Every structure is written in structure tokens, then in C-alpha cells.
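Before any comments, here is the structure.
The values are calculated or read from the model by the stated rules, or taken from the named source; none is laboratory data. Please read all numbers here as calculations on a predicted model, not as lab measurements. Please note: Cβ atoms are built from the backbone with ideal geometry, for glycine as well, and neighbour counts cover all protein chains shown. In case anyone asks, the SASA skips ligands and DNA or RNA and just uses the protein heavy atoms, side chains included. Shrake-Rupley method; radii C 1.70, N 1.55, O 1.52, S 1.80 Å.
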Amino acid sequence: MKKRYWIFISIVLFFMISSILIFIFKISNSENNLLFTSYLNDIYSLNQSPFASECNANLPQTYAKNAIQTNKNIQSKLALKYKVNTGFDSLLSQTEKNCYQLIKNHCGHISKNRNEKGLYLIEQFTIKNSKLSAETIKKVLYAIQNDNPDIFWISNTFSYCYSRNDTIIKLYSVFSANEKIDAEQKLKEKVLDIISKIPPKATEYEKELFLHDYIVNNCEYNKSANSHKIFTCYGCLVEQKAVCSGYSKAMQLLMNTIGINCITIAGSSKNEPHMWNIVKINDKCYHLDVTWDGVGGLNQYNYFNVNDEIIKKDHNINPTFEGTRNNIGKIYRNFNLPKCSELQDNYYEKNAVKISDLSENSQDKIVEKLLNIANSKKEYLYIKTVDNLNFDTAVNRLIKQNPYKLFSCIRRANKFIPNKSKKFIDNNIQFSINKFQNVLAVKLSYV
């Protein structure tokens, strides 16, 4: 009797344990099929909202048949003479680098299918034998954005799920496949048109200045437009409306196309997220903020090739990914950033008249500069105080206090300008003060 009792108990326990194991397996398998959707932290949208729904993990290429392989459209590709790889080189593992390459290879495969938010699904792909976290995928996507301003159609939304030990990733495009092809072609034509106008024998500095001035004079800062395009080089160069990320990515694309090292850098100013560039001119690195120079006129060169010390006076630089595997946080991080310690190719260093006192000799320098301006039919004069000359004192004596030395210099310059040429108005100017660089910017008017 006891033997039969133990056999019965053993059979019951066997079925109970088997049922529990089967239940656990199903739950585990179900979790592996959950689709998680997250959002990149771009410079204006710092949110992340994960949720779960079904994922057909057994069909990792479900959308391949409906996808249009637009990255084979050779005619729309820009040939970059300089290729930024700081994002790729900063990835810590080979798995992350493989993910980077897969995204580049697949991001042009745009499906005809649209989701409820109007985004087009990009052909999903699988990372074999690795479960990538949302933070890791974010980092890889940031690396793609950092290195490839010409990939402008990817939405900041991405989805991922697990199938056993594999990670399946879905990206989304704000452009349809045909729209993306058309936009790439328009962007290529615009870029080639812009760089074709660069003077043939221009130096690196002169090329940078030309491209900077083009963007400043041909793009409108527009934060109110409800469009992904304003965050891209396409919005800046083709539609001529952008925010700081659009300005910065456009400058990066133009500079890289002509073979000059230029990257984007993320930070903030006045509690607002912001983005600008670091450029490498004549083997020296400088900060370049085309957006803030874009206010135009008197302030057009306040952030043209400045060093770390100057930029940090009103810009905060976000931390880098260096050594970071997880906990990226709600901030757009940078990749490895070079030090910017020089001012050799700063605009005011090269173009402002420098005075160390207010002597007759210094005033002669101002007159000479005014004559050069008149001869070239320009309208901006920049005066930079150096050495121990107090900037505020110099400004007061030049334009605010009798005898108004700058107006005296303008009158002296007019005497040397031929009568048939336009002369300066000697009693009316516009001016702006840049205390960060001790520069007085003056807009001159002609009679």
C-alpha cells in the first residue's frame, strides 16, 4: 500500500513540475517576443517612453520583400573627401560596431508600410548571439548621427526585441522610399552647386569662411516648424529652414565633402539644448557656431574659430560617451572631442585691426583699415583691443565720449577716398560689443 502511495505521489509531482517548467518556458519565450519602442534623446526631445507589443521574432526579414533598396541609387550619393569616424571608433565592442555597420547597410531599405504616427518602417535586421540593451542601441544610433550627416531620414524612434539570444532591431523613416531618393538627389545637387562656387585657390580657412557665410546668408532659423527636416542638413541646405542641429550637420556635410575635418558637438546654453561644430583648419581645432553667427550683421563672426576658453563663456559642453556602457541618461552625449586651444585662424585675429593704446599710431591703423574696407566696398569694421588696453575704456573713447576718436578716423579716411567713390557717413554708425573677445564691431554706411 505504501509503495503504491509513493508511486502515485511521484506521478503527481512529476506532472506538477512539468507543468511549471512548461509555464516558465512559455513566459520566457513570450518575453523574448516583446517589442520595446524607445526614442533617441535629440537636442530638443529628451524623453524615453518604452512600451511592449507583439513581435514576430521568427521572421526577422518580414519586410524585406516590400522594402525598396534605395542605398543602391548611386546617383544620389555624395562622395565625401573626408569621412568622420569618431562615433564608430568610440564604440567599445565588436558587437556595437557590427550593429553600426548593419544600420548603415539597412537604413536605406524603406518599406511601403506606415505606422500610426506616419513613419515608414525600415527593413528590420538581426544582431546574432547578442542581447543589446536600449542604451547600447541608442549609443550606436548616436554614433551613426555623429558620423553621417547625409543620413537624414531616420526617425528618433526605434524598436527592438529578443529572439533567444538574438536582438531584432526596427528603425523608422520620416520619408517614404521615393521621397528619400528625391531628397538625396536634391541635397547632392545643392551641395555640389555650393562647393562649385568656392574660389579655386582658396585656403582651408577661406573655404570654411565661404561655407559659413553661405549658410548664414541662406538659411532661416526656424524652431516653430513642425517638421523633422529642420533638424537635418536637408532642411538647412535645400528647404533653407533649420534649427541648430540642421545648421551644424549642414556645415559638417559641406566641410567633409571638400575634405576638411568637421564634427558636431552637443551642449546647451541659457538652459536650452544646443549644437555646433568643431573644425580642423591647418591642423588646429576650433569651435564654430554657425547658428549663433546666423543672427547676421554685426555678430556674424563672434563664434568663428574660437577656443575652449571662449566657447565655454556661454556654451556648456555635454559629457562624452567615453567609458560609458549604460545609463546614458536623458542627454545627447558627445563622442571623443579634441581640445581647442588656438586662435590662429579666429576671424577677429585675422581680420580685426588690433590696438594696444589710443595713440596717433593706433588711429592710423584704424584709418588704414577703413581705406581697405572702402576699396573692397565692404561695410564692417572690427577693432580688437590687445595687451593692457582696457576694452571698456577704449570703447568709450572711440565712440561714446568726446572727441569720439572713431568718427575722427572716419573723417580722415574720407579725405583719402577719391571724390568719384562713395565715402563713409561720418556721424552715424551701428555697433556691437563682444566682451568675450574684446572686439568692437562697427557697421559703416556710405553717402
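Numbers at a glance
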item	result
In segment 118-137, the residues that are in contact with a Phe, Trp or Tyr (Cβ under 8 Å, 6 or more places away or on another chain) and charged (D, E, K, R)	Glu123, Lys131
Any pair with Cβ under 8 angstrom, 6 or more apart, that starts in segment 339-351 at a residue that is farther than 15 Å from Asn302 by Cβ and basic (Lys, Arg) and ends at one that is open to solvent by 30 Å² or more (accessible area, probe 1.4 Å) and at pLDDT 95 or above	Lys339/Asp308
Selection status of Pro338, at pLDDT 95 or above and open to solvent by less than 90 Å² (accessible area, probe 1.4 Å)	yes
Single match in Met251, Met255 (criterion: buried (at least 23 other Cβ atoms within 10 Å of the Cβ), in contact (Cβ under 8 Å) with a residue 60 or more places away in the chain and not acidic (Asp, Glu))	Met255
Matching residues, segment 99-123, being in a loop (DSSP other than H, G, I, E, B), in contact with a Leu (Cβ under 8 Å, 6 or more places away or on another chain) and crowded, with 20+ Cβ neighbours inside 10 Å	Cys107
Test result for Ser268, assigned to a helix (DSSP H, G or I) and without any contact (Cβ under 8 Å) to a residue 60 or more places away in the chain	no
Leading residue by the ranking (most open to solvent (accessible area, probe 1.4 Å)) among those in segment 370-393 that are in a helix (DSSP H, G or I) and touching a helix residue (DSSP H, G or I) at 6+ places or on another chain (Cβ under 9 Å)	Leu371
Selection status of Ile181, crowded, with 23+ Cβ neighbours inside 10 Å, in a helix (DSSP H, G or I) and hydrophobic (A, V, I, L, M, F, W, C)	no
Of the criteria (1) in contact with a His (Cβ under 7 Å, 6 or more places away or on another chain); (2) within 17 Å of Leu80 (Cα to Cα), which one Lys186 fails	(1)
Residue tally, condition more than 22 Å from the chain's Cα centre (by Cα) and open to solvent by less than 20 Å² (accessible area, probe 1.4 Å), over segment 124-138	5
Residue list for segment 85-98, filter: surrounded by 15 or more Cβ atoms within 10 Å (Cβ to Cβ) and among the small types (Gly, Ala, Ser)	Gly87, Ser90
Residue, farthest from Val306 (Cα to Cα), within segment 200-209, restricted to residues that are modelled with pLDDT of 95 or more and open to solvent by 60 Å² or more (accessible area, probe 1.4 Å)	Thr203
